[in-house]
1. Classify the stretch 640-720: rounded, prolate or oblate, from the alpha-carbon gyration tensor (a ≥ b ≥ c, eigenvalue square roots; a/c under 1.5 rounded; otherwise prolate if a/b is larger than b/c)?
2. Checking the table 632/690; 149/498; 28/149; 31/179; 420/552; 632/693 against a 27 Å threshold on Cα-Cα, which pairs fail?
3. Starting with the fewest neighbours, write out 359, 53 ranked by other beta-carbon atoms found within 10 Å of each beta-carbon.
4. Based on the alpha-carbon gyration tensor of the stretch 414-472 and its eigenvalue square roots a ≥ b ≥ c, which shape applies: rounded if a/c is under 1.5, prolate if not and a/b is larger than b/c, or oblate?
5. What is the distance in Å between the Cα centres of the stretch 424-501 and the stretch 508-574?
6. Could you list 173, 328 so that the one with the fewest beta carbons within 10 Å of its beta carbon is first and the one with the most is last?
7. Quick one: which of 269-279, 500-510 comes out on top by average Cβ neighbours within 10 Å, and what's the full order, highest first?
8. For a quick check: sort 62, 292 by the number of other beta carbons within 10 angstrom, fewest at the front.
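Read the figures in this text as sums done on the coordinates, not as results from a lab. None of these values were measured; they are calculated from a predicted model. All Cβ positions, glycine included, derive from the backbone under ideal geometry; neighbour counts span all protein chains shown.
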Amino acid sequence: MPKNKDKTPKKNTGKASGKKIKQRPLEKIVKGKFIGNEVGFGFVVQEDPKAEDIFIPPSFTWGALHGDGVLCRIRENKSEDRGPSKASESISSKKKGRRTSKALRQLPPKTPDTTQRQSGEIIEITERKPLLGTYYTVGQEGFVRPMEKKIPHAFSVSPKSRNRFGLVEGHRVIFNTPKPKMAVDKKGNSKAKGEHRFASGHYTLSCQVTEVLGHIHDPGVDVLTLVRQYNIPHVFPEDVLTQGAAMPEEISPSDIKGRLDLRDEYIFTIDGEDTKDIDDAISFTKTPAGQWQLGVHIADVSHYVQAGTPIDLEALNRGTSVYLADRVIPMLPHKLSSGICSLFPGVDRLTVSCIMNVDMQGNVTSYELVSSVINSKRRFTYEEVQEILESESPFDNEEENPDRALFAEMDKLREVLYQKRRTKGALDFDLPEAKIRIDEEGHPISIEPYQRNQATGIIEEFMILCNETIASHAIKHSTPLIYRAHDAPAADKLARLKGTAESFGLNLPYAPGPLAIQHLLETAHSSPAYYAIAMAALTSLPQALYTPDSPKHYGLASEAYCHFTSPIRRYADLQVHRIIKQMIHSYPKKQANEQCDLATIEDTSLHFISAQCSRTEREAEALEREVAQLKKIQFIQGQKGQTFEGIISGITPWGVYVMLPNTTEGFIPNHYLKKMGYAHNKDTNRYTDKRTKTSLVMGAMQNVRLVSTDEDDRRIVFALQ
């Protein structure tokens, strides 16, 4: 069978696969991405972000799969083209209908017609990426079921592929499926050729397996599946590995030339006990004038990663390191991230230092930015520092604890800086984060809330101060920079927050500023309503992003903020280092402007890098959440039928969320609650028992029973106990 050509037609020519399509008045052809749905319909998200999504009825998807690049012809709206309402787009009705094949999943009936909207028809599939699925058999036949639930099709596997890869039930595989060829009828309508459609509207298509990730029961395959599903780059290309292998293992005398030599200073690091890449080190003294001198020394990654080299291109592609429960996917090869760039104790390392004099009110009175060389004297963990801070009296032998007075003084500055930010309206969310420990096989052995304390606060406040100083320095000298910006919340989001606060008897003024939101959080902190208020406040805020246009950060109450302190794991920080080093005349001027041949104008380049770093950060965070939820499910799934006490963390019309003390969150579906006599009140957003008048409200403690878990859907189902 000849290979289908990806020939993209010119706009409004009506061509598809080389055949003319009869053009109707007022119709046009647009390009976009197809977003599928279990029900069978879909949408085309146009390339223009301001353009409306186009509804594609099930009968006009013509074999397009979720994620395909497509050409879509706008259709005149007809009764069969009416799309689902926004409320119904994500809610599937119960599955029913005659079974058409054991190999196929049943599909729910079509969503009822509701709202008139712009509709269209797929006329060509321009791009199709490899898919990921699970191999299974029915009799003598082999099939792949996609991991993506928005692809409601089974894919048949030929005996040749089965034998080649030795496929057995439960193998996770990467596979390709051919794009359907498009035919054109006499009326100019497109139609996919060679489809096998069943009564349910379900297609079975052939596929070609290209890679086997492993078996679902093999260690690490569960997480690897998610990594591949999210398209996170996790294997370095050969040219990157070759360049990385050539990196030195120690610095040379020529590297030190022109740098401030701080190797005799008492410089140290404070990190988590399992940290592999150490970006930052600290020095801390009191000046004769009674001020604090804080030195923040950051790994000089830009010395080794030159713009436009294979390592740099791949670092930009990744944008950030990804920290998962069982592995780290680094932005840089290990010889850099866990080698020459990492600030291990007892070895010389190249750094960029920001040395600040800070008065007793937390103001930076003077600072120096300089390329430097350090030799860290000790690596502390947060636990060690916290234990020292909490000791009630000095050790009998001062040599056993020479750092107690130092850390106590550092903690004083931490408190001054924190209170200064608090006075300006910085928002502090005391929400639980999970610390997951796993064994060598990847099985979770413990899950507990991550502990914030004085030690973590010291590093957090010191890094914030350094980042603000760097951003202010760039503004002062009118130098373009990549900032970490955070906008104020929109008015409608604040209105919802106000409504949530009032439902708990708390007050929030109209159009509140950050100080009012901060006061609300502090007022609610010791009450059961805190989680609900904090989540409502957090979701009212827009997402922080990277941009060269705006230096302000609403959440930190900062007039100028950037990311400078983690160049091993964030590309935005690496680019900021290049610019800062140019400013301090220790770096070739062309390096800060020159970026991977992406643009010839610096401002354009910074916009591209900012957008790329913002995108990869969102993707990494989404993957990290999915892996954490997967490990929580694996930890609890053997306890089916057991009872737990948790806090009601969310209430929706379709059910109630309950979070356990170890941060594991499950869901009580609405139909379970109805059986118990509960009904949802949308005005108060609570469920009330019609008989006893007891209510399920946000923040209340609730006993629940574990009903089921689903690793593929990352879903935990509870029932009221």
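1. Values: a/c = 1.68, a/b = 1.58, b/c = 1.06.
The shape class here is prolate.
2. Values: 632/690 34 Å; 149/498 36 Å; 28/149 30 Å; 31/179 16 Å; 420/552 17 Å; 632/693 34 Å.
Long pairs (Cα-Cα over 27 Å): 632/690; 149/498; 28/149; 632/693.
3. Details: 359 14, 53 17.
With the sparsest Cβ surroundings first, the list reads 359, 53.
4. Numbers: a/c = 3.30, a/b = 2.32, b/c = 1.42.
Prolate is the answer for the stretch 414-472, as a/c is 1.5 or above and a/b outweighs b/c.
5. If we compute the Cα centre of each part, the gap is 7 Å.
6. Working: 173 23, 328 17.
So the residues, fewest neighbours to most, are 328, 173.
7. On the way: 269-279: 17.6, 500-510: 15.4.
Descending packing order for the listed peptides: 269-279, 500-510.
8. Values: 62 22, 292 19.
Going from sparsest to densest Cβ surroundings: 292, 62.
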